[in-house]
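Just so it is clear, none of the values below were taken in a lab; they were calculated from the coordinates. None of the values given here were measured: they were computed from a predicted structure. Methodologically, a virtual Cβ is constructed for each residue, glycine included, from the backbone with ideal geometry; neighbour enumeration extends over all protein chains shown.
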Amino acid sequence: MHTDTERCVRAVRSKDARFDGWFFTAVLTTRIYCRPSCPVVPPKAENMTFYPSAAACQQAGFRACKRCRPDTSPGSPEWNARADAVARAMRLIQDGVVDREGVPGLAARLGYSTRQIERQLYAELGAGPLALARAQRAQTARLLIETTGLPMADVAFAAGFSSIRTFNDTVREVFALSPSDLRTRAAARTRTGAGPRTTADPGARTPGAITLRLPYRAPLNPDNLFGHLAATAVPGVEEWRDGAYRRTLSLPYGHGTVALAPRADHIACRLSLTDPRDLTLAISRCRRLLDLDADPVAVDDQLRGDPLLAPLVDKAPGRRVPRTVDAAEFAVRAVLGQQVSTAAARTHAARLVTAHGTPVDDPEGGLTHLFPAPEALAALDPETLALPRSRRTTLTTLIGALADGTLRLGLDSDWDEARARLTELPGFGPWTIEVIAMRGLGDPDAFLPTDLGVRRAAAHLGLPSTPAALTSRAAAWRPWRAYAVQYLWATDSHPINHLPTEKALR
């Protein structure tokens, strides 16, 4: 979009927050870059130039605006709607892969050479993987500086910097303030009430926790999003408590817990991590779980084109697709949920967790375990599973393929290739494959024409109810069929469609 100057200028002049994260405005006279919705008086059109990423702005010598804080914009929805090499690379960079494995590690995951990846990222984003990772490190450092009391040396290494000097230089270059000045300004805003309030955020009583605000593009309907996560929560791993969805996280350097609660203009997030180096990854997974980088206006405008869907969209716009923090975990849970009730699926998953999950301490509530990794489940005895024999075979085959690397499900997955691999496994029909594609892999066009709830809603609305006919009708909803499923599911009274009450699900 950044190449369409006229459209960008209109977005800046109208201060349209929908375009935050799509592009960034760099002001030639002040050498500052902003988000499109920056509240200051827009500069003259001839003094504006546009870039596709914050990293590209920084490489061109611009610093972040202190007023609109463009580094905290929602991520571009483009990377969640595509599965090509650039989109997969961006998802991996957001997940901190470059910091942990370097550019060669990023390229190896994608099956390309480092030169090819760098060339493709430069072509689309105006910056290479190192610059993109550097911009993300700067954003993580700012979060830690402003929301924690960690010593600056700890902040530097937790954000992924290799030295204190690089940390100091980067923060000064990007924000035009030293790390100490950033912390002082944040403290002053909090004292005067100009900064974000955190006292009402979930888990605020937890010592050492990091409180964050996760931005999103409005509107956001929290009903099905949090309703689905709470209704399907695995005891010990997930719970709904004090108005927040809470769960454990298995991370590269340790583990953590997160509490997420909907607010009027953000998601309140409270993270407790055993190692702060996992912060970038934890934030990325939480945003992905809640589908916070979606563009709901684009989705809803497309779905409104169908006169039978339009009333559902108008009634409760902004539905998101509830996703997952771990695609392999979700695949296991999808198999456990085949042809059984939500309660039965939770029970089966809880038994696996109790027998094979890693115990954790949770001073706040009822979280007791990490969901077991495929490697931990590889040695389970199928005879101990209270499942039909055919489903035991499906589950153990899936676990074996995930454990030995034959099947890879993650941010680097090609969606069509993953579907083909799943099809080769016994017991994987269209419903299981598509629900994994939708919620595990994040394909916004995954569709479930054989799902009972979808077919029931289709019949109620006057849509075709047979899978073939419904799939044909749904062609007009592409590439947002996964969102159409959320609207169809919402016609039912199932608990997944309602924001949980204060009555905890434990």
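Could the peptides 46-52, 306-312 be put in order, highest first, of the mean number of other beta-carbon atoms found within 10 Å of their residues?
Highest mean packing first, the order is 46-52, 306-312.
Above 26 angstrom, tally the Cα pairs of the stretch 78-192 and express them as a % of all pairs, no decimals. Could the numbers behind the result be given before it?
Details: 1910 of 6555 pairs.
For the stretch 78-192, the share of Cα pairs beyond 26 Å comes to 29 percent.
Could you point to the residue in Leu387, Gly102, Ser162 farthest towards the positive end of the chain's charge dipole, with +1 and -1 charges on the Cβ of Lys/Arg and Asp/Glu respectively?
About the Cα centre, the residue reaching furthest to the positive side is Ser162.
Let me know the charge dipole size of the stretch 247-312 about its Cα centre in debye, to the nearest 20, where only the beta-carbon of Lys, Arg (+1) and Asp, Glu (-1) is charged. It would help to have the intermediate numbers written out before the result.
On the way: 8 positive and 9 negative charges, 81 e Å.
The dipole of the stretch 247-312 has a size of about 380 debye.
Compare the Cα positions of Gly21, Ala376, Ser37 along the charge dipole of the chain (+1 at Cβ of Lys, Arg; -1 at Cβ of Asp, Glu; about the Cα centre) and return the one farthest towards the positive end.
So the residue we want is Ser37.
Which order, highest average first, do 156-165, 336-345, 314-323 follow once you tally other Cβ atoms within 10 Å for each residue and take the mean per peptide?
Values: 156-165: 17.9, 336-345: 15.3, 314-323: 19.6.
Ranking, from highest mean packing down: 314-323, 156-165, 336-345.
What is the Cα centroid distance between the stretch 330-389 and the stretch 421-443, reported in whole angstrom?
Here the answer is 19 Å between Cα centres.
Kirkwood Rh over alpha-carbon pairs of the chain, then Stokes-Einstein at 37 °C and 0.692 mPa s: what D in µm² s⁻¹, rounded to an integer? Write out the running numbers ahead of the final one.
Details: Rh = 23.7 Å.
Estimated via Stokes-Einstein, D reaches 138 µm²/s.
Which of Leu336, Gly305, Gly318 sits farthest toward the positive end of the charge dipole of the stretch 292-355, with +1 on the Cβ of Lys and Arg and -1 on the Cβ of Asp and Glu?
After comparing all options, I get Leu336.
What number does the stretch 113-165 give for Rg over Rh if you use C-alpha atoms and the Kirkwood radius? Intermediate results must be reported in sequence, preceding the final value.
Working: Rg = 13.9 Å, Rh = 12.2 Å.
Looking at the stretch 113-165, the ratio lands at 1.13.
Identify unpaired cysteines across the chain, taking unpaired to mean no other cysteine Cβ lies under 4.7 Å from the residue's Cβ.
Cysteines lacking a close Cβ partner in the chain: Cys8, Cys57, Cys269, Cys286.
Mind putting a number on the dipole of the chain about its Cα centre? Charges go on the C-beta only, +1 for Lys and Arg and -1 for Asp and Glu, and I need it in Debye to the nearest 20. Please report the intermediate quantities before stating the final value.
Numbers: 63 positive and 53 negative charges, 242 e Å.
Magnitude of the dipole: close to 1160 debye.
Run through all the Cα pairs of the stretch 340-449 and give the fraction in each 10 Å bin from 0, expressed as whole percent.
Using 10 Å bins, I get a P(r) of 13, 39, 37, 11, 0 for the stretch 340-449.
Please give the peptides 480-490, 278-288 ranked by average Cβ packing (other Cβ atoms within 10 Å per residue), highest first, as a rough proxy for protection. Working shown, then result.
Numbers: 480-490: 24.2, 278-288: 22.6.
Result, highest mean Cβ count within 10 Å first: 480-490, 278-288.
Based on alpha-carbon atoms only, what is the radius of gyration of the stretch 1-142 relative to the globular estimate 2.2 N^0.38 Å? Write down the numbers at each step before the final one.
On the way: Rg = 15.0 Å, N = 142, 2.2 N^0.38 = 14.5 Å.
Dividing the Cα radius of gyration by 2.2 N^0.38 Å gives 1.04.
Excluding Val12 itself, what net charge comes from residues whose Cβ is under 15 Å from its Cβ, given Lys and Arg +1 and Asp and Glu -1? The partial results should precede the final answer.
Working: positive: Arg7, Arg10, Arg13, Lys15, Arg18, Arg35, Lys44, Arg67; negative: Asp4, Glu6, Asp16, Asp20, Glu46.
Net charge around Val12: +3.
Summing Lys, Arg as +1 and Asp, Glu as -1, what charge do residues with Cβ under 10 Å from the Cβ of Asp295 carry, Asp295 excluded?
On the way: positive: Arg18, Arg217; negative: Glu78, Asp293, Asp300, Asp301.
Result for the local shell: -2.
Output needed: percent of Cα pairs per 5 Å distance bin for the stretch 382-445, bins running from 0 to the one holding the longest distance.
3, 18, 27, 25, 16, 8, 3, 0
With a point put 7 Å past each Cα toward its Cβ, work out how far Thr358 is from Leu499 in nm, to one decimal.
It works out to 3.5 nm between the two label points.
Starting with the fewest neighbours, write out Thr29, Thr184, Thr170, Thr140 ranked by other beta-carbon atoms found within 10 Å of each beta-carbon.
On the way: Thr29 10, Thr184 13, Thr170 20, Thr140 24.
Least to most surrounded, the residues fall as Thr29, Thr184, Thr170, Thr140.
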